[in-house]
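So the structure is just underneath, and the comments pick up after that.
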Amino acid sequence: MRFIVVMILAFLPLLSTAQIYQGVKELEPYKNELSELDKSLKSDPSNFLVLYPKMLKKAEENEDEALRAMLFIYQGSYLYYINDMDSAAFYFNRAIDLSKSINNKPIYRTARIRKIFTDEYKKTKYLMAKDMEQVYIDSYNDRDTLNMIYSLNGLGVFYGDIDSVSLSLMIYYEALKLSDASNNQYEKGFILNNLGLIKYELGALDSAASDFKNCLEIGLETGNLGLQGIGRQNLGLYYSRVDSNDRAKEEYLKVMQIGKEFGYKNYELSSITNLATLEMSMGNPETSDSLSKEALRIAKEGRILFGITPIYLGRAYYKLRIEKYDEALQMLDSAEAYSKYATYSEVMPPLYHLTYRVYEEKGDYKNAFEAYKLKVAVQDSINELGNDKLLAELQFKYDDEKKERIRSIEKNQLKLQIKQGQVDMAKFQQNVVIIISVFLLVIFFIVIMYFRLKQKSDNLFSFTIANKLEEERGRIARDLHDGLGQSMIVLKNKFNNLKDVDEEQAELLNTNFSEVIEEVRSISRSLIPPELRRLGLMKAVLNMLGEIEKSTGMIVTTEIDVLEKLDFEEHQSIRIYRIIQELVTNTVKHANATSIKLEAFKVSKELILLYQDNGDGLDMEKWRSAENSVGFKSIQQRLKYLNGNIKVEKPKVGFKVEIIIPLS
């Protein structure tokens, strides 16, 4: 398991403050002070909390309502960054009301744009996009260029979130053209950065890197440290993704230098945290943990609260790796205490998963089971929220389409001067169709949701039972090996030490002892192979096939080196091992084969297993039938947990299967 600690700057600039005071003539006298406040908001929140009250006091002393409204926007932006959405919305609303009262439209639109971002837990992204469209139209009509760019940025974010990626990209390119035309270089830089992040998420890495480099170039040309830091940070992520770790480290160190030299606490924190992640991925956990400690200190001193929980999660993972379970649990408690400042869906699933892993490794299976239930419950709630949002999006689109149809019908009725009776009948028929359609649509979604939830519940139950069975097999195997097996060896040794015993009878009993001991070992190995945990999947499979080759005289050939390079969790390794074991057992028992061949290779994000023998072959329909399905169903059940599938071929000679397992 490779645990990504945190990447603070990678996705931070979605709600960019930029220089939002620019273009507002009433704020020109405060340009320098607002510039310092703007810098502090994006780089050093602790300094922002010092500067903000001083500026607010000056606004009140000067009775400057425009300055007060802009300061409320900055305060709301700060609260947004620490994930206090309700308080952020409160200040944005104050800015909206105040700017309306003084008829300052640019400040009003700026506040509205930021207020829309706080509606995430109250509205669907589609509704938020509709609200943002209104701000864009208003900005366009008033030739308010900056707010046109900011509203386009918001539209790009929202449509990207609801998987309208092509529309999102089109909107970002429109914002880029507008930035170029108006010579707003800073805005062009952060739009390029957000455009690169969309491409990065889509897997278009080279194109994303090009956008990050362009963002960095603008930052260097204009001397803007904010764009330089963001561009270098995201280039570091790109280089680490394509395994250019030295170049990634170089970019992170440059960001750290910017942070330290110019007081950008956020940049210093994000660079150290990303360096910690990089060191962990390179196999240097001690160095990673040392960097995480430093990151934690900076986050707490700078009150960068949303970054604390992910750092604690990274430290807990390190403690788990070095088997300091109590310390890992302490880290997880601290992570949970700060979780209210982070995004729930991003931190809670890994928090409960790590808690489950720690208790499991510690041997506290009761608490491990409770933590696993919490993890599943959190994931289910997130999935349910996503389904609710999807239903809301579909319903909104449906209603919007319905209204358009009704308006079109009414317009056509007026043009054609249809008789009133015909109009009434048409409306009645249409309403009946709409009511029936809505009713059927609701029933359809209810049925889908019911079966999805039922299937999820059944799968979770089956998965838990299967894991418990594997655990019980392991316990029985250990009891046989360590208990009965050892007792038989002791009895054998005691018998061999007896003096006055008939030699022929003694030889017979000694042989019987050896056979029983070997049988116990065989049963223990069949229940759970000890080599799997000790040697890993590839060597355990090779060991099993080697035993088959010795005991049966078959020729066994393998090409499975790729298994050594893949990182499976224990329950995955056991199931893959059992699938191969079942195939080999079928060959040995039923095929009359003289050779077996097993191949494994990785294609894209899938593991492919090819197994074949030169035996008698089989009747596939008979193999799948209810009377002879134990082996096949056992393989299918295990593949179900791995999200894999099996293809059975019928060559001219022997038996051949292809097994495909997705790699996550």
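Please treat every number below as a calculation from the coordinates, not as lab data. These numbers were taken from a predicted model, which means no experiment stands behind them. Please note: Cβ atoms are built from the backbone with ideal geometry, for glycine as well, and neighbour counts cover all protein chains shown.
Structure notes:
- Neighbourhood net charge (9 Å Cβ-Cβ; Lys/Arg +1, Asp/Glu -1) for L609: -2
- Of the chymotrypsin sites (Phe, Trp or Tyr not before Pro) found in region 143-252, not one falls in a DSSP loop while having at most 11 other beta-carbon atoms within 10 Å.
- Take every pair of alpha-carbon atoms less than 8 Å apart whose residues are at least six positions apart; their mean separation over the length of region 165-209 yields a relative contact order of 29 percent.
- Inter-part distance where region 220-286 and region 304-340 are each reduced to a Cα centre, Å: 22 Å
- For region 189-320, the relative contact order comes to 13 percent (Cα pairs under 8 Å, sequence separation of at least 6).
- Between K539 and I322, full extension at 0.36 nm per residue minus the direct alpha carbon distance yields a gain of 75.7 nm.
- Neighbours of K57, meaning other residues whose beta-carbon lies under 15 angstrom from its beta-carbon, give a summed charge of -3 when Lys and Arg score +1 and Asp and Glu score -1.
- Positive minus negative residues near P349 (Lys, Arg vs Asp, Glu; Cβ under 11 Å): -1
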